[in-house]
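Note sheet for the following structure.
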Amino acid sequence: MAKQPDITELANQLIAGDRRALARAITLIESRRADDRPRAGDLLRAVLPHTAKAIRLGFSGAPGVGKSSFIETFGRFLTAQGLKVAVLAIDPSSTLSGGSILGDKTRMEQLSRDPNAFIRPSPSGGALGGVARRTRESMLAAAAAGYDAVIIETVGVGQSETEVCGMVDMFVLLLSPGGGDELQGIKRGIMELADLVIVNKADGEFLKAAGRAAAEHQAALHLMRPKSRNWQVPVLQCSALTGDGVSRVWETITHYRETMEKTGELTLRRQEQARAWMWTEVQDSLLDLLRQDPEAAKLARTLEKQVVAGTLPASAAAQRVLDAFQASLARLKFNP
Ligand SMILES: Nc1nc2c(ncn2[C@@H]2O[C@H](COP(=O)(O)OP(=O)(O)OP(=O)(O)O)[C@@H](O)[C@H]2O)c(=O)[nH]1
Ligand SMILES: [Mg+2]
């Protein structure tokens, strides 16, 4: 039998800031083994009181806008000031290919060699475009390990934005100077989630276009319903390539945090996120249980075909699956 690390010991190492402990903790959190779940739960409970200090940042944007490049430059800017940075990159390729984004690793090459940085690609957990189900917990583990900033990078493909926005203190949207973000159909919906908008690639031949794009986005933001009463979403320009504007980004993030803390909004937001997370967990775990129930799962597969064929309404099929599941649960209760 594989040696199981002692949870109390692992929690203590994590709180002491041990990188290897963080890597082990995330492996435990991401584990699909049923007996690892309660252990991961114990670990999280032990470290939860130590998670408040880190700022939790989500970076999103269309493919190729420069998220990884920006995080590398931004991360190195922070570590140069003696701060510790953890990056959790949601890896959309892993569900399709079982691999991880090699390109991203090479792009964050320098940051990944920095002792004050921790980079970890996370599988996106099966839900296409979805955030790794355990990303939220991994983020808390990194926060407990004393990282000053915990960054989640996610590709701009819809649902994952909402999910990431629901787990961070500040949701940052990266846009490119030449538009194209609109073509991806991502802009408007995601713009409403943003606490900060950055026009990246403001360098060289793109410099002018970046200035125009920033002004346009700022104007568009003024027409939207503000996300927070206490914060007006700024549009900044920066270059991941040259590092221009990166310090301004950090100043803005720091100012945002101070504002949110002072007004109590940070606490409220985290509380609300934790509450929503509980219900997401209930929902996901119920679905897991249902899928693991042989009778309900078998019936579901049969009914699914009828729904697809148009011979059974989806709602009626759902009701029958739930009835079968409840019947299994009742049988279990009487013959455990
Ligand atoms: N000129 C310029 N090019 C940049 C900048 N940032 C990124 N790039 C280039 O844009 C391309 C995409 O950069 P990435 O950092 O991989 O973008 P990404 O958003 O992480 O891409 P995905 O993870 O694939 O969605 C690369 O060729 C980068 O060199 C920048 O600030 N200026
Ligand atoms: Mg990337």
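FYI, it's all coordinate maths here, none of it is from the lab. Bear in mind the structure is a predicted one, so any value in this text is a computation, not a measurement. Reconstructed Cβ throughout: ideal geometry from the backbone, glycine too, with neighbour counts over all protein chains shown.
Taking amide H as placed 1.01 Å from N in the peptide plane, the amide H of VAL87 sits under 5 Å from that of PHE118, ILE119, ARG120, ILE151, each at least 5 places away or on another chain. Can you tell me the FRET efficiency between ARG20 and ASP288 if r is taken as the Cβ-Cβ distance and R0 is 35 Å, rounded to the nearest 0.05? Efficiency computed from Cβ-Cβ geometry: 0.70.
Summing Lys and Arg as +1 and Asp and Glu as -1 over all other residues whose Cβ lies under 14 Å from the Cβ of ALA145 gives a net charge of +4. For segment 12-26, the Karplus equation 6.51 cos²θ - 1.76 cosθ + 1.60, evaluated at θ = phi - 60°, returns couplings of 5, 5, 5, 5, 6, x, 6, 4, 5, 5, 5, 4, 5, 4, 5 Hz by residue, with Gly and Pro reported as x.
Summary of the geometry: segment 267-336 and segment 12-62, compared by the centres of their Cα atoms, lie 28 Å apart. The amide H of LEU236, built 1.01 Å from its N in the peptide plane, has VAL197, ILE198, VAL199 as neighbours under 5 Å, considering only residues 5 or more places off or on other chains. Given segment 293-334, what whole percent of its Cα pairs are spread farther than 13 Å? Result for the distance tail: 49 percent.
Between THR162, THR267, THR311, the GNM of the chain built on Cα springs shorter than 10 angstrom shows THR311 fluctuating the most.
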